[in-house]
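Worksheet for the structure shown next.
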Amino acid sequence: MELFERAEQGLNADDEARYVRVVVERGIEGSAGLEGLTYRGGDLEIGRWVTVPLGRAGKQVGGVVVASGGRELLEGLDPSKVKSVIEAGQAALSSQQVALARWMAWYYVCPLGLVVKAMLPGAVKKAVGHKVRRVVRPTGAAPGEQMRMTPAVAKAWAGIAEIGAVEWPMDARVLATRLACANAGPVKKLVEAGLLEIVERHDVHAGTEAWLEGVEDSDSALPLSEPQRVVVEGIWEEMNRAQKGATPVPPAVHLVRGVTGSGKTEVYLQLIARVLAQGRGAIVLVPEIALTPQTVRRFSRRFGRETIAVMHSRLTGAQRNRTWSACAEGRARVLIGPRSAVLAPMPELGLIVVDEEHDASYKQDSAPRYNGRDVAIKRGQLEGACVVLGSATPSMESWHNAEQGRFALWTLDDRVGGGTLPRVKVVDLASERRERFRVEGARGPSLDLIGPTLEQALRETLDRGSQAIVLLNRRGEAGYVGCASAACGWAMRCEACDALMTAHRMPAGKARRYLRCHHCQAGQMVPAGCPACAGRMVLLNAGTQHAEEELERRLGLKLGEDLARVDSDSMHSSRSYFDVLEAFGAGRIRVLVGTQMIAKGLDFPNVGLVCVLNADTALVLPDFRARERTFQLISQVAGRAGRGDAKTYGQALVLVQTMHPGDPAIERAARHQYVEFAHQELKDRKAAGLPPARRMARIVVRHTDAVKARRMAEDAAEQVHRAARGVARVDGPNPCVLSRIAGRYRFEVRVLAGRAGELVGVLNAVREREDLTSDATFAIDVDPVSVL
């Protein structure tokens, strides 16, 4: 740490004083928020993280230097009243990262201080796991003619000549052992003689990740199919043309639409290898739920453990600091991670890959509310890096941009190795329930979702030695707990939210259930009877816990032996996730049941059956993206089947249970008709004036008082309407679909414009008048992926 303690006489040397502007990690708006506060700072470079005093009380806060200079930064301020930087840390952002942060603050209408805070992880600022060690290395000097060495010192000096340069610096005790010395005395003598020198080595001590244990650097590039070769060579040619300043400028963004199993990952790997050969780095964004050990190990085997770094939410503080530092120092040249990885340092960045670019998890739900895909595109523009977006089911926004010529479009229509997409059969869930009731009568529990067709397919799959994946995108045991009497109609709702509570089973050995609100996390026990009429309680809308129990009951499976559940309730660490997938890959677990965590990133050749227990969980949501998400989820999970040899993909089957078998999203997903679906969906969106035909932003006002919340929303709508001046349309305010969360009432104002610049320009015009800001009351969401 550098301390900036100046003597009183130094404060008068204004002509020689150096000043800095610091953006503090607070939600400060106006010029202070965008341009920073002025401090005495010495020679600090732009991007350096510092601690500064804030306000009259001088509260110590963190921030980042965004400008450095002399008296010109004072702009009329009395130099004697300018406070000094307290200390400067080791962490720093690059100038490109600072430029990206400024763009994010403008585009997402968010205080720059909050963007900077998101870019620098707390573990990095606190230097978690950082250790300073004293090590030795040769000075390059040779022994003088007058120098006398004891036999032990002479032997040590002779041994040092045999140690390669890449092995230095080295711990003195380790060196003594290496030289077969009885103790460290000879090494100390060589230091005293000036032949060795002591230097400080900065390391971050953190445990090894389970995903990288036992990985050998043994993988080599696979032979490309002709369609893969066309994509790789085509993108590489455009990248080289762009670097040479070709006219017209080639597209810097490439969209690869490849069906599941078409080899998109191999395309990424070979493009990354070429970028690394040029001495440049790469960032690979993957949705957190698709960031599997399989993915990480494939990259590690190809490029080596020391070349790659992995970032995800379950890293310890020390592991996060080590990963960030390895990237910043250029030791790691390939970074793999979820949306936050796009904000990490990577010197000489040459390529950004956004896999599963359509995934909603790339959008952050708190300030700054950025989309990792879109930030990747902007970062590529700022740093001259190529951006490759990949998906079997591209988002409507990316497909629209490709149709408009803004993105280059590449397609992989066939699976590699001659494989075919699995057969998809849509099953009418209502008919299945009637058949089940006819056979079992009233004995069948009301929560059961496995119909006769699905049960028979599961038995046949397991009998022939194949494995199955069962998807239900709802965790817990039941999404509805209420009175069995239709006349009563009481349902268990969260007291703080406008939402139903979800029933969860207690841990093994406990018979009772508990209720959890998945919005505010409030919990309580399930009442024994209806609080309104004392009648019998009923559970509906089954979740993964019940699906697990039903699979055990109907098929004789046993949890932990040949059945595993994968959801956020059961996977408590990366190790538990790794262990389950390893057991499934080894064939010990025969059926995986879970949420969308098992819909992406899994590549197991023995999966012969994929079951979607209820395809309607997303379809019935009051969101204009409901059909798009339903199509994507069915297509993605269907892609887990039939990825082995000809026998496996010839027998592969996907069963989709739904109450809406005739819905176009489900029908076209069953026929693998993405292009036809996208064409109609874009046509419908254009007719309704919805994204991507128009650009949208939501302003959500939250307050514990419903009247105040509505009044503030009305004021915000009026301010935006004045700034719009016919450029943008303002709708609302209206209550949000989820009208109350965690005790705060929610009203929304929607703003729509023809172009992104117009939309953001209107919002920033209101922001500059200090009438609008992202804080605890106002949530400004540009390009929202959810309107609930």
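For a distance above 28 Å, tell me the whole-number percent of Cα pairs in segment 466-607 that qualify.
Values: 2618 of 10011 pairs.
Beyond 28 Å sits 26 percent of the P(r) for segment 466-607.
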Cα-based Rg / Dmax (Å) for segment 18-65 = 10.0, 27
Applying the gyration tensor rule to the Cα atoms of segment 428-494 (axes a ≥ b ≥ c; rounded if a/c under 1.5, else prolate if a/b exceeds b/c, else oblate), the class is oblate
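Can you give the Rg to Rh ratio of segment 562-629, both from alpha-carbon atoms, with Rh computed by the Kirkwood formula?
Values: Rg = 14.0 Å, Rh = 13.6 Å.
Here Rg/Rh amounts to 1.03.
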Got a sec to turn the phi values of segment 171-182 into Karplus ³J(HN,Hα) couplings, 6.51 cos²θ - 1.76 cosθ + 1.60 with θ = phi - 60°, whole Hz, x for Gly and Pro?
-> 4, 4, 5, 4, 5, 4, 5, 4, 8, 6, 7, 5
Using label points projected 7 Å from each Cα along Cα→Cβ, tell me how many nm separate residue 671 and residue 316, to one decimal.
-> 5.5 nm
Kirkwood Rh and Cα Rg combined as Rg/Rh, segment 610-757 | 1.13
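Just reorder 238, 552, 460, 357 by solvent-accessible area, largest first, 1.4 Å probe, all chains present. Mind showing how you got there, number by number?
Working: 238 35, 552 60, 460 95, 357 0 Å².
Of 238, 552, 460, 357, the descending order of accessible area is 460, 552, 238, 357.
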Give the shape of segment 677-788 as rounded, prolate or oblate, defined through the alpha-carbon gyration tensor: a ≥ b ≥ c are the square roots of its eigenvalues, a/c under 1.5 means rounded, and otherwise the shape is prolate if a/b is larger than b/c and oblate if not.
-> oblate
Determine the shape class of segment 282-356: with a ≥ b ≥ c the square roots of the Cα gyration tensor eigenvalues, call it rounded for a/c under 1.5, and otherwise prolate if a/b is greater than b/c, oblate otherwise.
-> rounded
Under the Kirkwood approximation applied to all pairs of distinct alpha-carbon atoms, what is the hydrodynamic radius of segment 338-468 in Å?
-> 19.3 Å
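Express the relative contact order of the chain as a whole percentage, based on alpha carbon pairs under 8 Å and six or more residues apart in sequence.
On the way: 1553 pairs, mean separation 87.9, N = 788.
Value for the chain: 11 percent.
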Please report, as a whole percent, how much of the solvent-accessible surface of the chain comes from carbon and sulfur atoms (probe radius 1.4 Å).
-> 49 percent
With only helices counted (DSSP H, runs n ≥ 4, each -39500 (n - 2.57)), the per-residue ellipticity at 222 nm for the chain, to the nearest 500, works out to -9500 deg cm²/dmol
Collect residues whose amide H, placed 1.01 Å from N in the peptide plane, falls under 5 Å from the amide H of residue 67; neighbours closer than 5 in sequence don't count.
-> 21
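For the pairs 264/600; 59/125; 155/188; 126/600; 83/117; 244/264, note any where the Cα-Cα span goes beyond 25 Å. Don't skip to the answer; put the middle values down first.
Numbers: 264/600 13 Å; 59/125 18 Å; 155/188 14 Å; 126/600 34 Å; 83/117 22 Å; 244/264 27 Å.
126/600; 244/264, as the Cα separations exceed 25 Å there.
Can you give the charge dipole size of segment 295-438 about its Cα centre, rounded to the nearest 20 debye, using +1 on the beta carbon of Lys and Arg and -1 on the beta carbon of Asp and Glu? Working shown, then result.
Values: 24 positive and 17 negative charges, 145 e Å.
Roughly 700 debye for segment 295-438.
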What does the accessible area of residue 537 come to, in Å² to the nearest 10, when a probe of 1.4 Å is used?
-> 30 Å²
Given Cβ charges of +1 for Lys and Arg and -1 for Asp and Glu, the option among 752, 688, 701 whose Cα lies farthest towards the positive end of the dipole of segment 671-788 is 688
Could you pull out every residue, at least 5 positions away or on a different chain, whose amide H is within less than 5 Å of the one on residue 473? Hs are placed 1.01 Å off N in the peptide plane, and Pro or chain starts have none.
-> 614
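The values are calculated or read from the model by the stated rules, or taken from the named source; none is laboratory data. These numbers were taken from a predicted model, which means no experiment stands behind them. All Cβ positions, glycine included, derive from the backbone under ideal geometry; neighbour counts span all protein chains shown. SASA here: full protein model, heavy atoms, side chains in, ligands and nucleic acids out. Shrake-Rupley method; radii C 1.70, N 1.55, O 1.52, S 1.80 Å.
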